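The values are calculated or read from the model by the stated rules, or taken from the named source; none is laboratory data. The shown structure was predicted, so the numbers you read here are calculated from the model rather than taken from an experiment. Backbone-built Cβ (ideal geometry, glycine too); neighbour counts: all protein chains shown. The protein model used for the area step is the full one, side chains on, heavy atoms only, and it has no ligands, DNA or RNA in it. Shrake-Rupley method; radii C 1.70, N 1.55, O 1.52, S 1.80 Å.
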Amino acid sequence: MQTGPRNLITDVAGLRVGNAQDDVVKTGTTVLVGDSPFTCGVSVMGGAPGTRETDLLAPDKTVQQVDALTLSGGSAFGLDASSGVADALRDQGRGFAVGDQNVPIVPGAILFDLLNGGNKNWSQNPYKALGASALEAASDEFALGSTGAGTGATLASHKGGLGSASAVLPSGHTVGALVAVNALGDASPDGKHFWAAPWEIDSEFGGKGLIGNAQTEWPRTKLSNHNTTIAIVATDADVSQSVCTRIATAAHDGMARALVPSHTPMDGDLIFAVSTNAKPIVNEANDVLLLGHAAATCLARAIARAVWEATPAKGDVLPCFNA
């Protein structure tokens, strides 16, 4: 498996990512937007999700495509980021047509970063403005680590962050992942290696090597009071919303490979899966299997990259892995 040219989710042509953050609050928002609406499914396996418009993504619902997705800090307050994105898209004339009105469809998910040392005494919810700013910044190139929805993200032992990775399959299809890592558990058993090490490509998160005997230490994994990892996996393969849902479900394997524990009662672990429908598939059964496998692999790598790329900031409550 090889990466795309950027090793980012934007290697899936037609997708762009934008980040916005508030370093005083220690929080931020990340937006994925397409050149045109894209097919989207979702799978939630955490016990404490915070979401907007995810019911609409079930395969039996009327709307099959969305205009953008938001990943945000802020717990329930962060759901307002999607409102800022929706307002801006409406100004651009985008959205689901209903009579003479356009209604942008912007599902979102949030993570809990309210206890990370930032000043949360705002007089006005900042997330609507952060959503609009992230959309305005959307590009095929974007930063990783302590930025966007990963600005104030933490794990049990280290800072979390924003990560991304991509892969090009033998079929020619591209798969990518984007993730904000804020888990209750850890990405490393010992502070020296990553659980995701077996899937690393080209030392993309430090080339620290395999864990070896460190796996015997996993019962000592600490648990944090910050929780939820939220992600998007994407492909250019022409698949339906039901297949996107299946890919999102398969991608949760990547979360479990990279974070221990995952999918706990206190994590809102969620994965959106999107398709730009740009490239046909020839063998649906085989291609869908490989798309799910690639999505899981990309997500595991993206999680480790998020933690590896995190950088220190004033007031941090936890160190960076790569300090």
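Below, the figures for the structure above:
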{"item": "Calculated log₁₀ intensity ratio I(q)/I(0) where the Debye formula runs over C-alpha points of the chain, q = 0.11, 0.12 Å⁻¹", "result": "-0.59, -0.70"}
{"item": "Å² per residue, accessible surface of the stretch 1-95 at 1.4 Å", "result": "39"}
{"item": "Theoretical gain in end-to-end length, N283 to E141 [0.36 nm per residue, Cα-Cα removed]", "result": "47.9 nm"}
{"item": "Using θ = phi - 60° and Karplus 6.51 cos²θ - 1.76 cosθ + 1.60, couplings along the stretch 199-211 (whole Hz; Gly, Pro as x)", "result": "10, 5, 10, 6, 6, 5, 10, x, x, 6, x, 6, 5"}
{"item": "Pair K192, A97: separation of 7 Å Cα→Cβ label points (nm)", "result": "6.2"}
{"item": "HN-Hα J in Hz across the stretch 142-151 - Karplus 6.51, -1.76, 1.60, θ = phi - 60°, x for Gly and Pro", "result": "7, 7, 10, x, 7, 8, x, 5, x, 3"}
{"item": "Whole-percent carbon and sulfur share, accessible surface of the stretch 9-309, 1.4 Å", "result": "51"}
{"item": "Calculated [θ] (222 nm, deg cm²/dmol) that DSSP helices of n ≥ 4 give over the chain, each run adding -39,500 (n - 2.57)", "result": "-6500 deg cm²/dmol"}
{"item": "Average accessible surface area per residue within the stretch 97-163, 1.4 Å rolling probe, Å²", "result": "38"}
{"item": "Summed residue charge, Cβ within 15 Å of I247's Cβ, Lys/Arg positive, Asp/Glu negative", "result": "-3"}
{"item": "Distance from the stretch 106-134 to the stretch 157-217 (C-alpha centre basis), Å", "result": "26"}
{"item": "Highest-first arrangement of 58-68, 229-239, where packing means the average Cβ count within 10 Å", "result": "229-239, 58-68"}
{"item": "The chain: DSSP helices with Cα axial extent of at least 20 Å and average Kyte-Doolittle hydropathy no lower than 0.5", "result": "284-309"}
{"item": "Alpha carbon centroid spacing (whole Å) that separates the stretch 221-251 from the stretch 263-293", "result": "7"}
{"item": "DSSP beta bridge pairing in the stretch 9-309, given as percent antiparallel to the nearest 5", "result": "80"}
{"item": "Total lysine pairs under 28 Å (Cα atoms) in the stretch 9-309, excluding pairs fewer than 8 apart on one chain", "result": "17"}
{"item": "Length released on extending from A76 to L115, taking residue separation times 0.36 nm less the Cα-Cα span", "result": "12.7 nm"}
{"item": "Amide proton proximity set for K159, modelled H, under 5 Å, gap of 5+", "result": "C320, F321"}
{"item": "Extension gain from N322 to S203, taking 0.36 nm per residue of separation minus the Cα-Cα distance", "result": "41.5 nm"}
{"item": "Environment charge at I281 (Cβ cut-off 12 Å; Lys +1, Arg +1, Asp -1, Glu -1)", "result": "-3"}
